[in-house]
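The structure appears right after this line, and notes come after that.
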Amino acid sequence: MRPKVSNPAEFGKVAVLMGGWSSEREVSLSSGRAVHAALLARGVDAVAVDVDRDKVLRLGQDGYARAFIVMHGTGGEDGTVQAALELQGLAYTGSGVLASALAMDKLRTKVLWKAAGLPTPDWQLLRGNDDALHAGETLGYPYFVKPVAEGSSVGIAKVKFATSAVSAYRRAAGEHQMLQRAVIAERCIEGGEYTCAILDGAALPTIRIEPDGEFYDYHAKYVSERTRYVCPSGLPAELEARIQGICLQAFDLLGAHGWGRVDFLLDAQQQPWLLEANLVPGMTSHSLVPMAAAAVGMDFGALCWAILETTLPQAVSDAGGDAP
């Protein structure tokens, strides 16, 4: 069992890492401010750090004992910051370097899940315009185009006709960037959109997402006031438990730990289809993980505290090994 903390001084000085240099910077700043305020309210010596490449390398010498990572996307969610913290010997929230890098890469996440027999929609790596045009022949229309290593639905598009395939691919690849992004096409699964939050080895109640629009894109997530979230999702108890088990298995296969979220679709036959794992999810009072935590009676402050507790080592069992 992991020890529970009653005195906030046990955490030491905590850096709440936010911002960074990814396309999700503004979302990360909102998450970071919310986490910082919640930890301060509970007496934690927490400091908000708007991260740049120099600051993250000085955290150890600046006296921090541990870090609460709320940097979304490139830099903060892909193993980069995790590696910098490892080199300084600092404890941090969330998964390690390998799991973070894997989960950020949708292509390799799907390869791993499929190899393990977990359900994930068929896909095709797009290397250029011709691949985008032929994807509809392989996957059928409509299909989705998405960057391999972006979050918050950045660059995602639903391709309904061949005439829009190339433009969707170019947007996903970032046609105006010096270094273009890797892109996949993914089979469209008609059904409900869901997510399963995970906290310290346990699955929280699933959430059903009813997006404002055809799918859960950036506008539906961050702009629209008409997207609806239903938590608990209302799935039958047996189905809920089965899906939670699949999501935990998907999370564990990546080597993930601490906390995170697994997104999935549920088709008309009640078959779940795994989409991706998010290992540094949004953490505002309106985000999905806090919503799932609230469904089991855990308010935002208690959730932040519980996530911070995962930076503490597991207690050693009487048998001499780590407790499960």
*What tally of residues in the range 62-73 results from selecting those that are under 18 Å from ARG25 (Cβ atoms) and in contact with a Gly (Cβ under 8 Å, 6 or more places away or on another chain)?*
5
*asked:* Could you check the range 113-138 and list, in sequence order, the residues that are assigned to a helix (DSSP H, G or I) and closer than 17 Å to GLY245 by Cα?
replied: TRP113, LYS114
*Collect the residues in the range 256-293 that are without any contact (Cβ under 8 Å) to a residue 60 or more places away in the chain and on the phi > 0 side of the Ramachandran plot, keeping them in residue-number order.*
GLN270
*asked:* Can you find a residue that is in contact (Cβ under 8 Å) with a residue 60 or more places away in the chain and either assigned to a strand (DSSP E or B) or on the phi > 0 side of the Ramachandran plot (or both) anywhere in the range 246-254?
replied: no
_Condition (residue is crowded, with 18+ Cβ neighbours inside 10 Å, modelled with pLDDT under 95, among the charged types (D, E, K, R) and in contact with a helix residue (DSSP H, G or I) (Cβ under 8 Å, 6 or more places away or on another chain)) applied to the range 58-77: is it met by at least one residue?_
yes
*Count of the range 238-270 residues which are of a type in the set (Phe, Trp, Tyr) and closer than 21 Å to LEU312 by Cα*: 2
_Count of the range 20-35 residues which are under 21 Å from LEU303 (Cβ atoms) and not in a helix (DSSP H, G or I)_ = 1
_Among residues of the range 98-117, those that are among the hydrophobic types (A, V, I, L, M, F, W, C) and farther than 9 Å from LEU254 by Cα, counted_ = 6
*Taking the range 1-12 as the search range and keeping residues that are among the hydrophobic types (A, V, I, L, M, F, W, C) and outside any helix (DSSP H, G or I), which one is surrounded by the fewest Cβ atoms within 10 Å (Cβ to Cβ)?*
MET1
_Of the residues ALA15, ALA38, only one is assigned to a strand (DSSP E or B) and more than 15 Å from the chain's Cα centre (by Cα); which?_
ALA15
*Please verify whether the range 43-59 includes one or more residues that are outside any strand (DSSP E or B), of a type outside the set (Val, Ile, Thr) and over 28 Å from TRP21 (Cα atoms).*
yes
*Considering only residues of the range 42-56 that are touching a helix residue (DSSP H, G or I) at 6+ places or on another chain (Cβ under 6 Å) and surrounded by fewer than 18 Cβ atoms within 10 Å (Cβ to Cβ), which is nearest to ALA9 (Cα to Cα)?*
GLY43
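The values are calculated or read from the model by the stated rules, or taken from the named source; none is laboratory data. This one's a predicted model, so the numbers in the text were calculated from it and none came from an experiment. A quick note on method: Cβ atoms are made from the backbone with ideal geometry, for glycine too, and the neighbour counts reach across all protein chains shown.
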